[in-house]
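One structure is given here, and the rest of the page talks about it.
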Amino acid sequence: MRPSERLQRIPPYAFAELERKIAARRAAGADVISLGIGDPDRPTPPLIVEAMQEAVSEPQTHRYPSNRGRADFRAAVRDFYARRFDVALDPDTEVIPAIGAKEAIFNLNLAFLDPGDYALAADPGYPVYTGGPWLAGAEPVLMALEPEHGFVPDLGAIEEGVARRSKLMYLNYPNNPTGAVVPAGFFERVVEFARAYEILVVHDNAYSEISFDGYRAPSFLATPGAKDVGIEVFSLSKGYNMTGWRCAVAVGNAAALEIYWRLKTNIDSGLFEAVQLAGVAAVSPDADAEVASMNELYRRRRDVVCDALRGIGVDVNPPRGTIYIWAPVPEGFPSSAAYCEHVLEQAAVVLSPGAIYGPAGEGWFRISLTTPDHRLMEAVERLGALAERP
Ligand SMILES: Cc1ncc(COP(=O)(O)O)c(C=O)c1O
């Protein structure tokens, strides 16, 4: 059986590979602790589960949903954006439910890119920013996120010809994998750039609800002019421990959302209405205390991990957002993959090699804080013991 040319152009999805390696080590009897994938270990908050239970017992939720989404879900998202980000949204034209951010991000490529077009993709970045354009027959163009620029792309370094051929730009703050938050003034520069080159900005807002030390992440749409040039994909996966539920929204520029909707009506049949009703509970003020307590849990884990890494000589900056620690590979290893392979073989701890997020991630590794405390402590102790071995 031969996969399509399109599929052959993209490497296997990195986390699928990682899962295979973990399974092999476990089958060989190792007690593997995975700090790899960013999948919250805590259950979905009870108020969201209860809303789902109630909704699922209502037969009218069992039918095909509309791709436009339920009016109450769209109104709840409007209220959330006003309350949380001070962004006004028209729920009839500026909010569309998505079956997870991954669906929206992938499908936007099909909706906007033709062969020969470019999509500007943060490097390192979420793999769908590159896989999506390839599968759409277009080309991703990487924008390196360097620590000396605060992990934001240098827009001035994008060649004129490239900018002119670019139709989409993917950004994500708070950022996976670097944990960076957006520096003041950057989103304003993005709006100016996107206007000049007629690029649709897609801000992937997967982590805004996870932040520490008093920091509150903004929406891209709060930037003056952002709605003229962009949309934001807001996912409920990470902030509300809902990765398995597949619940997100695309919000912002109405004309762009209309095109996305047109594509979606040909591809999927919308988001299960019971999940939309669970989403209403998630974005209501009633869930704020749950979000705050998750942030406190991640802050504590972040501090434990950063202290431990510093203790073994790794120079790490504690992130102000996301569930990730992004740290430089210790000296003596030729690549991030070699270091992570060594840690998996010798300590049975899974780290993500930075290079799987793009070439600019080489020399770094990522730790996800979504592992129960006692396992995280054990992993950190194993890393310490490994570093002390001659
Ligand atoms: C930056 C980023 N965007 C999107 C996603 C996927 O979100 P969803 O579960 O809503 O598809 C992830 C998941 O890891 C992510 O890190």
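Within the stretch 359-370, identify whether any single residue is modelled with pLDDT under 95, not in a strand (DSSP E or B) and not β-branched (Val, Ile, Thr), and answer yes or no.
no
Here is a yes/no grid of residues against (1) more than 16 Å from the ligand (Cβ to nearest atom); (2) small (Gly, Ala, Ser); (3) under 22 Å from Ile259 (Cα atoms):
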| site | (1), (2), (3) |
| --- | --- |
| Gln53 | yes, no, no |
| Asp86 | yes, no, no |
| Leu113 | yes, no, yes |
| Pro127 | no, no, no |
| Leu145 | no, no, no |
| Glu159 | yes, no, no |
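Could you check how many residues of the stretch 51-90 are more than 28 Å from Ser219 (Cα to Cα) and of a type in the set (D, E, K, R)?
Going through the stretch 51-90 one residue at a time, the tally reaches 3.
Just the residues that are in contact with a strand residue (DSSP E or B) (Cβ under 8 Å, 6 or more places away or on another chain) and not polar (S, T, N, Q), please, taken from the stretch 117-130.
Of everything in the stretch 117-130, those that are in contact with a strand residue (DSSP E or B) (Cβ under 8 Å, 6 or more places away or on another chain) and not polar (S, T, N, Q) turn out to be Asp117, Tyr118, Ala119, Leu120, Ala121, Ala122, Asp123, Pro124, Gly125, Tyr126, Tyr129.
Can you find, within the stretch 205-261, the residue that is nearest to Pro65 (Cα to Cα) among those that are among the basic types (Lys, Arg) and within 11 Å of the ligand (Cβ to nearest atom)?
The qualifying residue nearest to Pro65 (Cα to Cα) is Arg246.
Would you mind listing the strands (runs of 3 or more DSSP E) fully within the stretch 140-252 where at least 1 residues are of a type outside the set (Phe, Trp, Tyr), in contact (Cβ under 8 Å) with a residue 24 or more places away in the chain and within 25 Å of Ser284 (Cβ to Cβ)? Walk me through how you get there before you give the answer.
Values: elements: 166-171, 200-205, 230-235, 248-252.
Strands (runs of 3 or more DSSP E) meeting the threshold: 200-205, 230-235, 248-252.
Does Gly29 satisfy the condition of being modelled with pLDDT of 85 or more, within 15 Å of the ligand (Cβ to nearest atom), of a type in the set (Gly, Ala, Ser) and part of a loop (DSSP other than H, G, I, E, B)?
Values: modelled with pLDDT of 85 or more: yes; within 15 Å of the ligand (Cβ to nearest atom): no; of a type in the set (Gly, Ala, Ser): yes; part of a loop (DSSP other than H, G, I, E, B): yes.
It is false that Gly29 is modelled with pLDDT of 85 or more, within 15 Å of the ligand (Cβ to nearest atom), of a type in the set (Gly, Ala, Ser) and part of a loop (DSSP other than H, G, I, E, B).
So the check is Cβ under 7 Å with 6+ separation or different chains; which pairs have a first residue in the stretch 46-63 that's free of Cβ contacts under 8 Å to residues at least 24 places away in the same chain and closer than 13 Å to Gly279 by Cβ and a second one that's of a type outside the set (S, T, N, Q) and loosely packed, with under 12 Cβ neighbours inside 10 Å?
Sorted first by the residue in the stretch 46-63, then by its partner, the list stays empty.
Please work out if Leu376 is aliphatic (A, V, I, L, M) and at pLDDT below 95.
For Leu376, the condition - aliphatic (A, V, I, L, M) and at pLDDT below 95 - is met.
Name the residues in the stretch 359-390 that are among the small types (Gly, Ala, Ser), buried (at least 21 other Cβ atoms within 10 Å of the Cβ) and either within 16 Å of Gly38 (Cβ to Cβ) or without any contact (Cβ under 8 Å) to a residue 60 or more places away in the chain (or both), would you? Give the steps one after another, and end with the answer.
The initial filter retains those residues of the stretch 359-390 that are among the small types (Gly, Ala, Ser), namely 360-361, 363, 368, 379, 384-385, 387.
Restricting the remaining residues to those that are buried (at least 21 other Cβ atoms within 10 Å of the Cβ) gives 360-361, 368, 379.
Listed by number, the residues that qualify are Gly361, Ser368, Ala379.
The values are calculated or read from the model by the stated rules, or taken from the named source; none is laboratory data. On a predicted model such as this, the values are computed, not experimentally measured, just so you know. Reconstructed Cβ throughout: ideal geometry from the backbone, glycine too, with neighbour counts over all protein chains shown.
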